[in-house]
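Below is one structure, written out as structure tokens, with a few remarks after it.
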Amino acid sequence: MYEHRRQKLLSRPAFLKRLARQGLSALMLVAASMGIGTVGFHLLSEQRWIDALVNSAMLLGGMGPVGDLGGTRGKLFATFFALYAGLVFLIVAGLLFLPLFHRVLHRFHLDQDSDRAR
């Protein structure tokens, strides 16, 4: 997926393109998760669409649900969606920070290899 440590450092435009691609992947994951959460809260908790959207956003943002969850089905959905939201948070963080982390390590290895050549 990424260049090997012995390959040259990716150019800045190519690196920015990689960052944009990872950011788009993260955005699509969050948007899909918002959709799943909104539909789930609407159908299972019998919430209005706007309330379902708020609950979905609050759980994905790590804040917790807002208002009544509408019985056992709604509470079970909120439970599993909260666990799912925690995983989504970790995945999105990985998607966004991986290119930066890789570039720092790659630069470090290039510097280290050039020191050895001297």
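Since every read-out is calculated from the coordinates, none of them should be taken as a lab result. Quick caveat, the model's predicted, so the values are computed rather than measured. Using ideal geometry, Cβ is built from the backbone for each residue, glycine included, and neighbour counts are taken over all protein chains shown.
Observations on the structure shown:
- Mean residue ellipticity (222 nm) of the chain, computed from DSSP H runs ≥ 4 via -39,500 (n - 2.57), nearest 500: -28000 deg cm²/dmol
- Farthest toward positive dipole pole in the chain [+1 Lys/Arg, -1 Asp/Glu at C-beta], among Leu83, Ile36, Phe97: Phe97
- C-alpha long axis of helix 12-44 to longest principal axis of the chain, angle in °: 10 degrees
- Candidates Ile50, Ile36, Ile91: whichever shows maximal mean-square fluctuation once the chain is modelled as a Gaussian network with Cα springs under 10 Å: Ile50
- Asp68, Asp51 arranged by Cβ crowding within 10 Å, fewest neighbours leading: Asp68, Asp51
- Diffusion constant of the range 14-111 at 37 °C, which comes from Stokes-Einstein with the Kirkwood Cα-pair radius and 0.692 mPa s, µm²/s: 223 µm²/s
- Candidates Arg107, Arg21, Arg73, ranked by Gaussian network fluctuation over the chain, Cα under 10 Å, top entry: Arg107
- Summary value for the chain: 31 percent relative contact order, contacts being C-alpha pairs under 8 angstrom separated by 6+ residues.
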